[in-house]
Every structure is written in structure tokens, then in C-alpha cells.
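Just below is one structure, and these are the notes that go with it.
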Amino acid sequence: MKSLSVIIPCFNAEAYLGETLDSIQAQQLSDFEIIVLDDGSTDRSVEVARCHSAGVKVIQQTNQGPSAARQAGIAAASGELLAFCDADDVWAADRFPAQADFLLKFGASACCGMSQSFLTPELQTQHTSDQVLQSEYYRTFSALLIRRKVIEHIGRLPDNGPDIHIPFFARLQDHGIEVLQFNQVVTFRRVHANNLSRQGGAPFSGYARAIKGVLEDRREQARAQIVEKFGS
Amino acid sequence: MQYVLTSKQISGEIIDDELIVIDLDRGLYFTSKGAALPLWTSMLAGCDVDALKAELATRSDDPSQFIAAVDIWFATFVEQGILRPIEGISAPLPDGFLEGVSARELHAPTAEVHRDLADILIYDPVHDFEEIGWPKQPKA
């Protein structure tokens, strides 16, 4: 059993995946595995992953979205601790073992570090970097370190579209699992032209649907508890 | 009387039978059902709220109680900093905007305020997955 599994869901990320893998392999880690879960890429993502180094395990599936890709990555992982990385993110050089030490020191189930955004180089001429260069604490998969047994305890990841972090972290909360805050930048998140458009208040329609999913899950659980207690 | 959203970080969306209003700056969300759905939609279209209330109240068994409930509903959003009243030229009520909606579906709304997901909703708005690829390549 490895101590850490890094799960990278990937879809058409050939331009950035190599840099992402470099940043993970540069960590001071000896007992870890990297799993690239390719979600039906139509570009050279698989080739980039396979050619990168011998330590990268590549799993391919037909395109099912990031949630299914993460789920498949979890199923294939052997690490006691799980970390996730988007296929275009870059890990901070000193992320590990610092984040793992923090988690183990406090005996925590999970912890989230800070994220810092950066403009992908193609955009440098179009936007000023002060739009996005800030360190923030966000509940995201990319900044998360979690014990595998916790993930197994809460069950299959909700399949709820692009804003999957909302039902996932809500489920942790509903299970009484505290996510500690690790005050160190652990990941650099790439900002593209397209996701810049989400700044400034564009409607985040996925959020409402994700919240609705959380509410319906909770209502269903409440109904089930009533039936269990009083009968149908 | 009309109302507008106070911030671009606030959005409201109807999902199935429920209105979900999210304040991303504060990580709050509000849920409402019943008459909240046509009220919210028509309000955002610039319709006069008093005319809306009057039209909806005709479907209620107790119009005065219904109107009082709607007033409280709007007041909740104003107190919470979600809506701001404005005066201006109102848009007419859309023709047939209640067509096919039963009286049962138009029960008086209440606004429930939720703070349980604040840590999650105050979230990085600059990174997301795209249907055609993660990340989506910038347009040439």
C-alpha cells in the first residue's frame, strides 16, 4: 500500500499535463503513486502521461465527466491518503510532505490548503496579472488531502455536474467530518480566458443545481429516517 | 414598486419546484417555493410587484394573508441585502404568466435562509470545468 495516491482527472489537457506531472514528481515523496484518469481525451493527453515517467499510472475511460473520472481514480488508488489535482494545475514545490504532516499531526480526516491562481501564459498579453494573483483558502478538490477511508465512508461521489465540490464537501459536513484549514499555498490554479469570464458575477447556474441536489439528498435522508422510525 | 438585485455576486435560479438564491460574497443561500417562482421571475423582468401581488392574490383563499406573506418575503430579501427597491417604469405582466399553474402551487412564499454551506460557496470563481475539455483552450 502506498502512503499517497495523487488522482488527476484529465480531459484534453495535453498542453499542460506535463507541467502538472513535473510539479508532482518534484515533491519530496518516496512512497506515492500518480494516477491519470483520462476521461476520453481526443488529444495527446494519454501519450503525454505515458511518456512522462514510469511512475505514472494511466487509466482510460469513455468520457463521463470529472466526477466519474475521480471516482474511477479513487477505485484504482492504493494510498492511505488521497490528493486530487486538475490536469492543468501546478503543485507548490513544498506541498508535500508539509500538508501530510499537518494532517497527521492533528489526526485529521481531511485538510484543505490554499490556492493561488495564475494566468496561463497565453493570456499574459491580454490581461493584467493583478486580476487573479491572490492566495485564497477554498474548499476545492485540488487543495484537498483526505484519508481514503473517509472517502470510502461517505460513499460514491455525487455526480452533480461541474460544481461537484459543493455536494462533496456538503456530504463531508453532513457526516460530521471536519476539513481543517492548512494555511499554506498548495496548488497554483491556471486561469484561462474562458474561466476569467466567470469573474464579475456571471450567473453560476451550476451552483443552484448543486445546492438543490444537496437539499434533496438531505430531505431524502430525513424521509428515510422518519420511515425507519415510524414506518411508511 | 420594483426590486433589483443588489450585487452581481447574487444569483437566483429556479430548479424544479424551488427558487434558490445565492449570495456568493457571504456564502448564503435562500430557498423558497410556491408563489416565489412567478414572483421572482416577473420581478427580474421588471414587473411591478404590487400588480404581481394583486394578480397572485386572486388565486388565494385568503388574499390579505397572501399579500402580507409576500410583503414579508420581499422584506426578508431586502433586510438580507439581496434586493433593493427602486421606482421606475414597470414592465407589464407577461400574458398568461400563470397559465397552467394551479392554486396549490401558488401558496404564499417564505424565504428560508441557509448558512450551512458558507465555507463551500465562498469559492474560487475563476476555475471550472468545461464540457468540451478541462481546461478549455483559449480561443485563438
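In table form, for the structure just shown:
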read-out	value
Computed E for B:ASP61/A:ARG156 - FRET, C-beta separation, R0 41 angstrom, nearest 0.05	0.35
For residues of A:84-90, the mean tally of beta carbons on other chains within 10 Å	2
Top of B:GLY34, B:GLY88, B:GLY100 by mean-square fluctuation, Gaussian network on chain B, Cα under 10 Å	B:GLY100
Residue order, fewest to most beta carbons within 10 Å, for B:CYS47, A:CYS10	B:CYS47, A:CYS10
Bridge type composition, the protein assembly as shown - antiparallel percent by DSSP, nearest 5	55
Inter-part distance where segment A:14-83 and segment B:35-97 are each reduced to a Cα centre, Å	51
Residue-by-residue Karplus 3J(HN,Hα) for segment A:80-96, coefficients 6.51, -1.76, 1.60, Hz, glycine and proline x	6, 10, 10, 10, 10, 8, 5, 6, 10, 7, 10, 6, 5, 4, 10, 4, 10
Helical mean residue ellipticity (222 nm; -39500 (n - 2.57) per DSSP H run of 4+; nearest 500) of the protein assembly as shown	-10000 deg cm²/dmol
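Just so you know, all these numbers are worked out from the coordinates, no wet-lab data involved. Not measured: the values here are computed from a predicted model. Positions of Cβ are generated from backbone atoms using ideal geometry, with glycine treated the same way; all protein chains shown enter the neighbour counts.
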